[in-house]
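J.: Structure incoming, see below.
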Amino acid sequence: MEKDLNTAWKTILSTIETKVSRVNYLTLFRQTHLVSVEENIVTIGTTSPMIADMLQKRFYNEIKKSVDDYYQGDYQLNLVTKSIEKKNVSKNDKETLLTFAQEKPLIQLGHLPRVRSEFTFDTLAVSSSNQLAFVSAQTVAKNLGTSYNPLFIYGPVGVGKTHLMHAIANFTYQQSPEKKIIYITSEEFTNEVVEAIRNTETSKMKKRFRSASLLVIDDIQFIAGKDRVQEELFHTFNILIDNGSQIVLSSDRPPSEIKKLEKRLSSRFAGGLTVDIESPDFELKTAILLKKADKYQFDLPIEIAKALAEKASDARSLEGLLLRIITESKTKEQKATLAMVDNALGIEKQESKRLYPEDIIKNVCFFYNIKPTQLKGPKRDAGIVKARQITMYLLKKELELTYVEIGNMLGGRDHTTVMHGVLKVENMLKTPNKISVDIMGITKGIFG
Amino acid sequence: MHIQVLSENLQKRISLIQHVISSKSQLPILQHILLEGKEGRLLLSATDLDVGIQVAIPAKILTEGSTLVSARQFIELINSLPSDKVELKSNENSLEVSSLHSKSTFQTLIKEEFPTLYDALGDTITTIDKDILQKEFTKVIFAASTDNARPALTGVLLKREENGFLLVATDAFRLSLKHIVTEGVNSQDPGKYEKLLVQSRVLREAVTLKDEGNVIIHVSSKNNQIIFADTNTTIIGRLIDAEFPLYDDILPSEHSLRFVFNREEMHKAVKISGIFARETDNIVRFSFLKDKVVVSANTAAVGSNMVEVEGVLEGEENEIAFNAKYLLDFFTHVEEEELVFEMQGPLNPGVFKFKSDDSYMHIIMPVRVQS
């Protein structure tokens with residue numbers, strides 16, 4: 001019933017809003033609510049009798065018309081002084097004062113914003129490649145601000161930096177929910193700084209960050225080159241450290257290698273503990289797969305996990321592969337097989353490695369430092385001939401083009417010339433020599 | 001309306017009216033003053049719909065009547081008139097103000113549009129001495145919150161007690177509590193009006209009442225209004241329709257440290273330390289030693305300082321930190337010279353009391369700092 005009244009009043013108010021001036025609406029109508037609707041009397045509550053009086057005097061007819069329209073009838077209005085907030089507010093206030101007793105007021109209970117609750121220390125797979133980072137993160141979470149400050153975690157993509165940072169935030173939140181925890185990516189931090197400057201609300205933003213007990217900034221390398229943001233971070237950093245608040249940062253490289261980062265910042269970043277996470281080794285990848293499969297409640301045979309781990313490059317792609325296998329196994333209603341692994345990897349390959357002849361030509365030229373026009377031109381200097389023959393070989397082997405096609409592509413050469421070139425390279429590759437090293441270098445360039 | 005008043009009588013009272021006239025006011029009508037001439041008095045009323053003020057000035061009434069004039073200009077004009085007789089005469093839509101050498105004409109609005117400030121005074125709650133109102137209420141009101149997000153905390157609790165009543169205000173970071181002994185509390189209807197949650201704004205106005213004599217506090221439960229009236233002035237405000245938080249549990253019952261000190265010296269010390277605390281959330285630290293307390297603050301990039309204040313310690317030596325803002329607020333709102341500070345560990349609320357009077361208590365939450 002109460003809810004009905006609320007929605008009814010909202011609708012009525014929206015029609016009134018169009019009829020009265022904005023100031024009138026804001027000062028007189030905004031704090032009104034519908035108390036009851038009986039036979040032909042509508043009772044409207046206001047916060048003060050003066051407001052009730054003014055509504056009665058000046059807007060009785062407007063309100064009556066909107067009410068009549070809404071309820072399809074002829075109603076009398078009864079304006080009273082009655083506050084709306086009574087029920088809901090009292091409860092909250094008791095809570096806040098209780099928190100006052102526990103010496104940190106103004107807490108927001110509930111879920112920690114921006115932090116994924118499933119990323120905890122328990123759900124992280126640990127092996128030698130990330131053990132140091134894991135242990136230091138746990139130490140930091142247990143002794144906030146007193147052990148390593150700041151904690152700087154770096155490592156390539158998909159090794160679990162973000163997971164660790166979420167885990168620290170979650171752990172702290174569980175232990176002492178009254179602590180102010182801020183988790184933010186450096187891009188969001190930048191945005192907040194910019195926004196605050198634009199709205200001239202810098203003091204508000206400063207207060208927000210500087211009152212944190214735990215500040216976690218992900219992907220800090222993105223503040224490179226942003227001077228004002230760096231300055232803000234610098235001050236925030238100092239104050240937080242002074243206050244004994246914990247700071248945790250992550251990046252894809254160590255502080256000293258972040259370019260365009262002010263020296264005073266990079267030295268501060270490195271002032272606590274800097275740990276790196278290496279790309280996951282085979283065992284860890286297998287373990288991650290098994291853990292993730294657990295999360296999806298999927299029975300993943302260990303051989304399959306091993307096969308997947310062997311082929312996937314980083315942890316994030318592992319999850320994609322695993323999901324693909326789970327879906328396939330579920331639709332086919334059978335257990336995961338090695339064929340499914342190949343399938344999944346196959347799809348992966350097609351999607352990511354679409355190769356064009358130009359890529360090969362470009363990479364060969366880049367490797368030998370010559371121009372494509374030279375490669376396609378008539379000159380027969382020893383260096384250029386070698387590059388040209390390798391190009392032929394790669395075009396044949398990687399793209400399986402016909403000799404004629406290859407010949408046309410390289411400046412209209414005869415197909416027999418191409419055959420000769422490919423054969424020559426193949427012969428040379430039979431024994432280990434410099435050519436094979438060159439080809440490896442080129443293919444690395446092509447496939448990344 | 002046609003009346004004569006003395007300009008100094010008008011000038012004396014008109015400033016009070018100004019408090020409820022906001023310069024950025026929303027509705028034009030709220031930037032007006034209602035003038036009413038009747039029964040040998042000129043009544044001036046203004047409101048911002050939250051708090052209303054009405055003042056009465058003795059006047060010679062030639063014709064009764066009322067009108068509505070623009071507040072800012074009217075007040076400014078009255079304040080610049082020489083001290084002499086002023087004549088106010090209203091026509092259909094204008095008001096003529098003439099004095100010794102000047103004559104001004106105001107456009108007026110239809111007076112019916114002005115809100116009625118109150119329709120009845122309601123029940124009398126108590127009659128209170130103006131000195132008590134000013135001195136004792138002031139010690140409590142400042143602790144109330146001004147943040148409308150939590151309505152209950154913007155109020156001051158007025159709770160009836162045996163020989164008077166209890167005042168409590170808190171903004172969740174600090175709390176003021178005062179037992180007031182006064183006669184004349186209406187003790188009929190026990191249960192009714194036992195607890196009133198009064199908007200702190202109207203109290204802030206009420207403590208500025210200057211005239212001699214007592215103030216009568218009325219409550220109209222029908223309108224949810226509270227009215228403070230003396231012979232010439234009536235201040236109308238709201239009761240807050242919310243539950244005041246349960247504060248009993250947080251009043252500390254014991255302490256492990258008790259320190260007696262001089263308010264003014266401590267006030268100075270906190271002010272000085274405050275200079276160095278501005279950049280660090282106003283955190284000022286206190287180290288209580290045997291016969292003194294060391295007040296200190298530091299900001300990494302600016303510097304640090306420490307001030308010693310003498311005092312007498314009972315119990316253990318200990319440390320605590322507070323937000324200087326709350327301390328300064330407290331020291332400026334009380335007058336007692338000898339204060340007592342009590343605490344139980346650096347993470348529990350600190351309690352300030354008066355040495356010679358145990359009816360008052362001010363509690364402040366400490367700030368947690370790294371040792």
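J.: Given a cut-off of 24 Å, name the pairs among A:LYS204/B:LYS268; A:LYS311/A:LYS362; B:LYS135/B:LYS159 whose C-alpha atoms lie farther apart than that in the structure shown. Don't jump to the answer; show the numbers that get you there.
T.: On the way: A:LYS204/B:LYS268 28 Å; A:LYS311/A:LYS362 28 Å; B:LYS135/B:LYS159 18 Å.
A:LYS204/B:LYS268; A:LYS311/A:LYS362, as the Cα separations exceed 24 Å there.
J.: Still on this structure: Find out how many positive minus negative residues lie around B:ALA324, taking Lys and Arg as positive, Asp and Glu as negative, among other residues whose Cβ is under 13 Å from that of B:ALA324. Kindly include the intermediate steps, with their values, before the conclusion.
T.: Working: positive: B:ARG174, B:LYS268, B:LYS271, B:ARG278, B:ARG285, B:LYS325; negative: B:GLU279, B:ASP281, B:ASP329.
The answer is +3.
J.: What does the average come to when, for each residue of peptide B:235-248, you count the partner chain Cβ atoms lying within 10 Å of its Cβ?
T.: Average per residue, whole number: 5.
J.: What dipole magnitude, in Debye to the nearest 20, does the stretch A:316-421 give about its Cα centre under +1 on Lys/Arg Cβ and -1 on Asp/Glu Cβ?
T.: On the way: 18 positive and 13 negative charges, 72 e Å.
The calculation lands at about 340 debye.
J.: Please compute the average number of Cβ atoms from other chains found within 10 Å of each residue's Cβ in peptide B:107-116.
T.: 3
J.: Just rank B:THR231, A:THR443, B:THR170, fewest to most, by other beta-carbon atoms within 10 angstrom.
T.: B:THR231, A:THR443, B:THR170
J.: What is the ratio of the Cα radius of gyration of the stretch B:238-329 to 2.2 N^0.38 Å, with N the residue count, to two decimals?
T.: Details: Rg = 16.1 Å, N = 92, 2.2 N^0.38 = 12.3 Å.
This ratio for the stretch B:238-329 stands at 1.31.
J.: On to the next question. Taking only Cα atoms, what is the 0 to 90° angle, nearest 10, from helix B:7-18's long axis to the longest principal axis of chain B?
T.: With both axes taken from Cα atoms, the answer is about 50 degrees.
J.: Scan the stretch A:214-284 for chymotrypsin sites (Phe, Trp or Tyr not before Pro) in coil per DSSP, keeping those whose Cβ has at most 15 other Cβ atoms within 10 Å, and list them by number.
T.: Filter output for the stretch A:214-284: empty list.
J.: Calculate the length of the line joining the C-alpha centroid of the stretch B:297-371 to that of the stretch A:24-43, in whole Å.
T.: Their Cα centres are 48 Å away from one another.
J.: Still on this structure: Of the GluC sites (Glu not before Pro) in the stretch B:185-281, which ones lie in a loop per DSSP and count no more than 12 other C-beta atoms within 10 Å?
T.: When the GluC sites (Glu not before Pro) of the stretch B:185-281 are filtered for loop state and at most 12 Cβ neighbours within 10 Å, B:GLU194, B:GLU212, B:GLU254 remain.
J.: Apply the a/c threshold of 1.5 to the C-alpha gyration tensor of the stretch A:357-447 and tell me whether it is rounded, prolate or oblate.
T.: rounded
J.: Which ³J(HN,Hα) values, rounded to whole Hz and listed in residue order, are derived for the stretch B:113-120 from phi using the Karplus coefficients 6.51, -1.76 and 1.60 in 6.51 cos²θ - 1.76 cosθ + 1.60 with θ = phi - 60°, glycine and proline given as x?
T.: 6, 6, x, 6, 6, 7, 9, 8
J.: Taking the Cα centre of the protein assembly as shown as the origin and placing charges on Cβ (Lys, Arg +1; Asp, Glu -1), which of A:SER66, B:ILE17, B:SER80 is farthest toward the positive end of the dipole?
T.: Checked the options; the winner is A:SER66.
J.: Which residue, A:THR274, A:ILE239, A:GLY155, has the largest displacement toward the positive end of the dipole of the stretch A:131-276 when charges sit on each Cβ (Lys, Arg +1; Asp, Glu -1)?
T.: Farthest towards the positive end: A:ILE239.
J.: Equivalent ellipsoid semi-axes for chain A, as square roots of 5 times the alpha carbon gyration tensor eigenvalues: give them largest first, rounded to whole Å.
T.: Equivalent ellipsoid semi-axes, largest first: 64, 31, 26 Å.
J.: Just tell me how shielded A:39-51 is by partners: mean number of partner chain Cβ atoms within 10 Å of each residue's Cβ, no decimals. Don't skip to the answer; put the middle values down first.
T.: Working: counts 0, 0, 0, 0, 0, 0, 1, 2, 7, 13, 14, 16, 3.
The shielding value for this peptide is 4.
J.: Once both axes come from the Cα atoms, what is the angle between helix B:263-277 and the longest principal axis of chain B, in degrees from 0 to 90, rounded to 10?
T.: That works out to roughly 80 degrees.
J.: Continuing with this model, one more query. Could you check how many percent of all C-alpha pairs in chain B are farther apart than 29 Å?
T.: Within chain B, distances greater than 29 Å cover 52 percent of Cα pairs.
J.: Can you list residues whose amide H is under 5 Å from A:PHE152's amide H, if they're 5+ apart or on another chain and H is modeled 1.01 Å from N?
T.: For A:PHE152, whose amide H was placed from the backbone, the distant partners under 5 Å are A:LEU249, A:LEU273, A:THR274, A:VAL275.
J.: Return the long-range amide H neighbours of B:HIS32 (sequence gap of 5 or more, or a different chain), with a cut-off of under 5 Å between placed amide H atoms.
T.: Residues meeting the amide H criterion: B:ALA71.
J.: Still on this structure: Working from the alpha-carbon coordinates of the protein assembly as shown, get Rg over Rh, Rh being the Kirkwood radius.
T.: My calculation puts Rg/Rh at 1.14.
J.: Calculate the all-directions average of the projected area of the stretch B:72-151's alpha-carbon convex hull, and give it in nm².
T.: Averaged projected hull area, Cα only: 10.1 nm².
J.: Say the cut-off is 26 Å between C-alpha atoms; which of A:LYS207/B:LYS292; B:LYS139/B:LYS210; A:LYS10/A:LYS82 go over it?
T.: A:LYS207/B:LYS292
J.: Here's a follow-up. Against the longest principal axis of chain B, how steep is helix B:71-80, in degrees 0 to 90 to the nearest 10, with axes from Cα atoms?
T.: Orientation of helix B:71-80: about 90 degrees from the principal axis.
J.: Oh, and also: Note down the magnitude of the dipole of the stretch B:1-85 about its Cα centre, charges +1 on Lys and Arg C-beta and -1 on Asp and Glu C-beta and zero elsewhere, to the nearest 20 debye.
T.: It works out to roughly 100 debye.
J.: Go through A:209-221, A:159-171 and give me the packing order, highest mean Cβ count within 10 Å leading.
T.: Answer by packing, highest mean first, reads A:159-171, A:209-221.
J.: In the stretch B:172-313, if the dipole is taken from +1 on Lys/Arg beta carbons and -1 on Asp/Glu beta carbons about the Cα centre, which of B:ASN214, B:ALA297, B:PHE244 is farthest to the positive end?
T.: Positive-end residue among those listed: B:ALA297.
J.: OK, next. Under the classification rounded if a/c is under 1.5, otherwise prolate if a/b is larger than b/c and oblate if not, where does the stretch A:131-276 fall, given a ≥ b ≥ c as square roots of the Cα gyration tensor eigenvalues?
T.: oblate
J.: Sticking with this structure for a sec: Under unit Cβ charges (Lys, Arg +1; Asp, Glu -1), what dipole magnitude, rounded to 20 debye, does the protein assembly as shown have relative to its Cα centre?
T.: 3920
Readers should treat all values here as calculations from the given coordinates under stated rules, not as data from a laboratory. Since the model is a prediction, treat every value here as computed from it, not as a measurement. Neighbour counts are summed over all protein chains in view; Cβ atoms, including those assigned to glycine, are modelled from backbone coordinates with ideal geometry.
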